[in-house]
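The values are calculated or read from the model by the stated rules, or taken from the named source; none is laboratory data. Predicted model only: the values in this text are computed from it and were never measured. A quick note on method: Cβ atoms are made from the backbone with ideal geometry, for glycine too, and the neighbour counts reach across all protein chains shown. Accessible surface areas use protein heavy atoms only, side chains included; no ligands, DNA or RNA. Shrake-Rupley method; radii C 1.70, N 1.55, O 1.52, S 1.80 Å.
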Amino acid sequence: TLASVPPPLPPPPPLATVASTAALGRRTCSPTSSSSRRSSRHFLSCCSRMLGIEYQSKRGYIELDYFGRTVGIKIMPVGVHMGQLELGLRLPDREWRLSELQRQFQGKTVLLGVDDMDIFKGINLKLLAFENMLRTHPKWQGRAVLVQIANPARGRGKDLEAIQAEIEESCQRINGDFGQSGYSPVVFIGRDVSSVEKIAYYTIAECVVVTAVRDGMNLTPYEYVVCRQGAPGSQSVSEVSGPKKSMLVVSEFIGCSPSLSGAIRVNPWNIEATAEAMNEAISMPEQEKQLRHEKHYRYVRSHDVAYWSKSFIIDLERVCKDHFKRTCWGIGLGFGFRVVALDPHFTKLNMDSIINAYELSESRAILLDYDGTLVPQTSLNKEPSPQVLSIINTLCSDSRNIVFLVSGRDKDTLGKWFSSCPRLGIAAEHGYFLRWSREEEWQTCTQALDFGWMQMAKPVMNLYTEATDGSYIEAKESALVWHHQDADLGFGSSQAKEMLDHLESVLANEPVSVKSGQFIVEVKPQGISKGIVAERILASVKERGKQADFLLCIGDDRSDE
Ligand SMILES: O=P(O)(O)OC[C@H]1O[C@H](O[C@H]2O[C@H](CO)[C@@H](O)[C@H](O)[C@H]2O)[C@H](O)[C@@H](O)[C@@H]1O
């Protein structure tokens, strides 16, 4: 499925967030595109906060692993349809409409706004800025005209009515204060404007001003640039050719703003700064206007809608290339329904067959993870419940069973918590420590390990701990762990990613592995892992003449795989 983030994705957690994460839940596979960095950041933040999924950056590509499927996130600003616009530039109607406007605005400098009439487009902010410009730069009085095209509102409501009233009041005030005979500083067009007429307005405008306070891509600046270039191949300034110079004042809150490097970017709430930007734009030397126009035109032309769709397909193919190797399973009911993509060799465990195999076996090995498996990840009390202790003791009481706890936690905590389970084996700190039963001594990993790296990793972790309220360092005998469960969710996880990167580069030549887990970043020696200790346990069981004919491993995260 192809899908894209609705462009003006707001910061979490308003309702739109729920809608977009719910949409992700229904998708089978997708690259997800958004028009701005802000939207993708908000989308990733929603995924993290609401679904608990963290993104990974792989060689510049941002990806999410959603139940075995890869969702690629890419900032892909959409472009204009060049063919359609150029066709419009060649329409015969455009010529007479253009001449009409040229006559109407002869000797005037036209600033143009083309917006939908809604509460986010900042039309009144634009009027206030224009008024401010006329006041602070009186040279423009009688010379500068703001033509504001406002496509009729598609919705209704009190907020909209209030903004429409404000706009009307501003137009009347500006025209009353600065108007002269034959000169209306604001020309407000609140009706549907045909494409040809719009093209003619774009062509005569010295500058286009977009002051939206929140928007998606907003293609008005792109359309303007194409119209000012004129139809391709036209050389003369008359007929279908354009002036080949353009100026843009654009809000920093619109999707196209980062792509337009020659535009003057403004925060539309700052009326004075927007007024200065308007003055700067129309006062700029002609050559500078041409250079900025050329730069924009090159970009708009090469990044049109055809380019966007081609890139989308290429990315879709790249992101989904492994999906075909996977098998999809539908799991859950109603809103809990999920499509899970798994390796084709995966077999869903069936309770009856497990019980059957368990009953028929003579020697069993049962390896259990702790956090997220024996105690819920969300539980505040991390100690095992009496029920868990009793189930473990029941399992251990069968002489055919070898039961092991295989956890990242330290040996003292696990030893204390499971002191009432005398026959339980424990592999602590991912197997650095191993104990076969309560009465036996702890064995330490036989490899000779060098812990010099701890002196390098600790100062890095200290830096992030100081900068991240709620985070702390856990120093285990074999590993260092940075915890951010109690820090701000978004900030903690972005700090964790940064730290992972930082530690990987600082410790690149050290015999360690740096991994992130459930709200942790952990540095531990290479060669210490749950998989390796599991092999060690099974080998020992075999040496004791009890080779396991039944092996059950239960875990909840990557470290358990
Ligand atoms: O291998 P596991 O049994 O899954 O244990 C992994 C880590 O467990 C502990 O961290 C977890 O509990 C912390 C609170 O007690 C929590 O802040 C963290 O988010 C959890 O991952 C332990 O402190 C770590 O050293 C283990 O690696």
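Consider the stretch 457-475 and keep the residues that are part of a helix (DSSP H, G or I) and open to solvent by 70 Å² or more (accessible area, probe 1.4 Å). The one that is nearest to the ligand (Cβ to nearest atom) is K458. Contact map, the stretch 476-496: residues that are away from the ligand (no atom under 12 Å from the Cβ) paired with residues that are assigned to a loop (DSSP other than H, G, I, E, B) and open to solvent by less than 10 Å² (accessible area, probe 1.4 Å), Cβ distance under 7 Å, separation 6+ or inter-chain. Pairs shown: F491/T468; Q495/T468.
In summary, L449 fulfils each of the numbered conditions (1) open to solvent by 70 Å² or more (accessible area, probe 1.4 Å); (2) more than 15 Å from the ligand (Cβ to nearest atom); (3) within 25 Å of G415 (Cβ to Cβ) with the single exception of condition (1). Only a single item in (1) modelled with pLDDT of 85 or more; (2) touching a Cys at 6+ places or on another chain (Cβ under 8 Å) is not met by K74, and it is number (2). Of all residues in the stretch 155-169, exactly one satisfies the criterion of being open to solvent by less than 40 Å² (accessible area, probe 1.4 Å) and in contact with a Phe, Trp or Tyr (Cβ under 9 Å, 6 or more places away or on another chain), namely I167. Considering T373, T378, T347, the condition of being away from the ligand (no atom under 16 Å from the Cβ) and under 37 Å from the mean Cα position of the chain (by Cα) is satisfied by T347 alone. Could you say whether any residue in the stretch 263-280 is open to solvent by less than 70 Å² (accessible area, probe 1.4 Å) and among the charged types (D, E, K, R)? Scanning the stretch 263-280, I find no residue that is open to solvent by less than 70 Å² (accessible area, probe 1.4 Å) and among the charged types (D, E, K, R), so the answer is no. In the stretch 373-425, the qualifying residues are those that are in a helix (DSSP H, G or I) and closer than 19 Å to I520 by Cα, and the one that is least open to solvent (accessible area, probe 1.4 Å) is L414.
Pull up the stretch 531-561, narrow it to residues that are part of a strand (DSSP E or B) and either under 20 Å from T444 (Cβ atoms) or away from the ligand (no atom under 16 Å from the Cβ) (or both), then point me to the one that is most open to solvent (accessible area, probe 1.4 Å). So, considering only residues that are part of a strand (DSSP E or B) and either under 20 Å from T444 (Cβ atoms) or away from the ligand (no atom under 16 Å from the Cβ) (or both), the one most open to solvent (accessible area, probe 1.4 Å) is L551. A306 meets the conditions (1) assigned to a helix (DSSP H, G or I); (2) loosely packed, with under 11 Cβ neighbours inside 10 Å; (3) in contact (Cβ under 8 Å) with a residue 40 or more places away in the chain in every case but one. The failed one is (2). Given the structure, is A548 touching a Lys or Arg at 6+ places or on another chain (Cβ under 8 Å), of a type in the set (A, V, I, L, M) and more than 28 Å from Q485 (Cβ to Cβ)? It is true that A548 is touching a Lys or Arg at 6+ places or on another chain (Cβ under 8 Å), of a type in the set (A, V, I, L, M) and more than 28 Å from Q485 (Cβ to Cβ). Based on this model, can you work out whether E206 counts as more than 28 Å from H137 (Cβ to Cβ) and either of a type in the set (D, E) or touching a helix residue (DSSP H, G or I) at 6+ places or on another chain (Cβ under 9 Å) (or both)? Against the criterion (more than 28 Å from H137 (Cβ to Cβ) and either of a type in the set (D, E) or touching a helix residue (DSSP H, G or I) at 6+ places or on another chain (Cβ under 9 Å) (or both)), E206 does not qualify.
Entry remark, the stretch 98-113: residues being outside any helix (DSSP H, G or I) and open to solvent by less than 10 Å² (accessible area, probe 1.4 Å) number 4 in total. Residue count for the stretch 20-48 satisfying the condition of being part of a helix (DSSP H, G or I), surrounded by fewer than 20 Cβ atoms within 10 Å (Cβ to Cβ) and at pLDDT below 75: 6. Filtering the stretch 503-520 for residues that are outside any loop (DSSP other than H, G, I, E, B), within 14 Å of the ligand (Cβ to nearest atom) and more than 15 Å from E54 (Cα to Cα) leaves a non-empty set.
Pairing each residue of the stretch 509-530 that is open to solvent by 60 Å² or more (accessible area, probe 1.4 Å) with any residue that is within 14 Å of the ligand (Cβ to nearest atom) and not aliphatic (A, V, I, L, M), provided the two are 6+ apart or on different chains, yields C-beta distances under 6 Å for K515/E522; Q518/Q377; F519/H484; F519/Q485; Q526/S513.
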